[in-house]
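Down below is the structure, laid out as structure tokens.
The values are calculated or read from the model by the stated rules, or taken from the named source; none is laboratory data. None of the values given here were measured: they were computed from a predicted structure. Neighbour counts are summed over all protein chains in view; Cβ atoms, including those assigned to glycine, are modelled from backbone coordinates with ideal geometry. Surface accessibility is based on the protein's heavy atoms, side chains included, excluding ligands, DNA and RNA. Shrake-Rupley method; radii C 1.70, N 1.55, O 1.52, S 1.80 Å.
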Amino acid sequence: MASNVSDLAGGRRPVIGLTTYLERAVQGVWDVRASFLPQQYFDAVTASGGVAVLLPPQPSAQAAAAVVLDGLDGLILTGGLDVQPELYGAPRHPLTDPARADRDEWELALLASARERGIPVFGICRGLQLINVAYGGTLHQHLPEAVGTERYKIGGGVFAENTVEVDADTKLAGLIGAGPYGVHSYHHQGVDRLGEGLVVTARTDDGLVQAFETPGDDYLVAVQWHPEENSADRRLFLGLVAAADAYAASHRGVSA
């Protein structure tokens, strides 16, 4: 089970990186590109005992990722626009979002470097999809054509409510329990072929993969839904922060 915030030892709190876009932002006389991420994400991290650091795309992604991860104890690959289908060898669907190659390259570099170091990783929505592609999997580019319903993206900025079935004896079940679990959905893409080495931990009743993880002691958990939207249940973020606390203790000689 995830630790409570009070369970984390005093002193240094775990530092959690959250990926972002570079987006146009207008404030007063300024019209510039800026790092953008909804506040719900970093509120969820700080409420769970972590320190949130935003990670916008950077040039020389592999070299930059290595430097950035020197200062992180955990990594969250956040939600956003569609992963480029060119990365998994598929023709582009008419409804697939325009490519954001800078973010894809940046997140793939961060993920690879985090996995090499054993840094805990948590994927959310697009983050799950990016991880699946990184592990050699593919995506349904428009789920209504695959499952016959708009149940996962009703539009207008309104999160759909769905129920997933969490498998027992998984890291995910250790965090939120096995069995039915209500989630907030906002996505029109999803896992088609599962990436090599990933283990499905939750599905919806139509068979769509809703969560996966890696086996063993390392920490990679990913969910297709948006847990940051549920402020009453921070267990998934508590789980990441607890894993990051353990990473800091074992790799940095400190307890977070």
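When only alpha carbons of the range 182-256 are considered, Rg and Dmax amount to 14.7, 46 Å. Note that the range 145-224 presents 45 Å² accessible area per residue, ligands and nucleic acids not counted, probe 1.4 Å.
Among the helices of the chain (complete DSSP H runs), which have Cα atoms covering no less than 20 Å along the helix axis and a Kyte-Doolittle mean of at least -0.5?
On the way: long enough: 101-117 (24 Å, -0.83); 235-251 (24 Å, 0.91).
Taking the DSSP H segments of the chain (at least 20 Å long, mean hydropathy at least -0.5), we get 235-251.
Each Cα pair under 8 Å and six or more residues apart adds its separation to the average, and for the range 14-173 the resulting relative contact order is 21 percent.
Using a probe of 1.4 Å, the accessible surface attributed to D43 totals some 60 Å² when neighbouring protein chains are kept in position.
Per the Kirkwood formula on distinct C-alpha pairs, the Rh of the range 129-256 is how many angstrom? Intermediate results must be reported in sequence, preceding the final value.
Working: mean 1/r = 0.0642 Å⁻¹.
Over the range 129-256, the inverse of the mean reciprocal pair distance is 15.6 Å.
Projecting label points 7 angstrom from Cα along Cα→Cβ for I154 and A178 puts them 3.1 nm apart. In the range 25-181, the DSSP beta bridges split such that about 65 percent are antiparallel, to the nearest 5. Ranking E107, E165, E145 by solvent-accessible area of protein heavy atoms (1.4 Å probe, all protein chains present), from largest to smallest, gives E145, E165, E107.
Gain in length, A101 to A168, computed as 0.36 nm per residue apart minus the alpha-carbon separation, to one decimal in nm?
Numbers: separation 67, 0.36 × 67 = 24.12 nm, distance 3.68 nm.
This chain segment gains 20.4 nm when fully extended.
Averaged per residue, the range 47-101 has 43 square angstrom of accessible surface, using a 1.4 angstrom probe with ligands and nucleic acids left out. Here the sum of -39500 (n - 2.57) over DSSP H runs of 4 or more residues, divided by the residues of the chain, equals -8500 deg cm²/dmol at 222 nm, to the nearest 500.
Element breakdown for the chain at a 1.4 angstrom probe: carbon and sulfur atoms account for 53% of the accessible area. Estimated at the nearest 10 Å², the accessible area of V29 is 130 Å² with a 1.4 Å probe.
Counting residues in the chain as N, plug N into 2.2 N^0.38 Å and put the Cα Rg over that result. The partial results should precede the final answer.
Numbers: Rg = 17.5 Å, N = 256, 2.2 N^0.38 = 18.1 Å.
Its radius of gyration relative to the 2.2 N^0.38 Å reference: 0.97.
Remark: the range 19-31, residue by residue, has Karplus-estimated 3J(HN,Hα) of 6, 9, 8, 9, 10, 5, 10, 10, 9, x, 7, 9, 9 Hz, where x stands for each Gly or Pro and the curve is 6.51 cos²θ - 1.76 cosθ + 1.60 at θ = phi - 60°.
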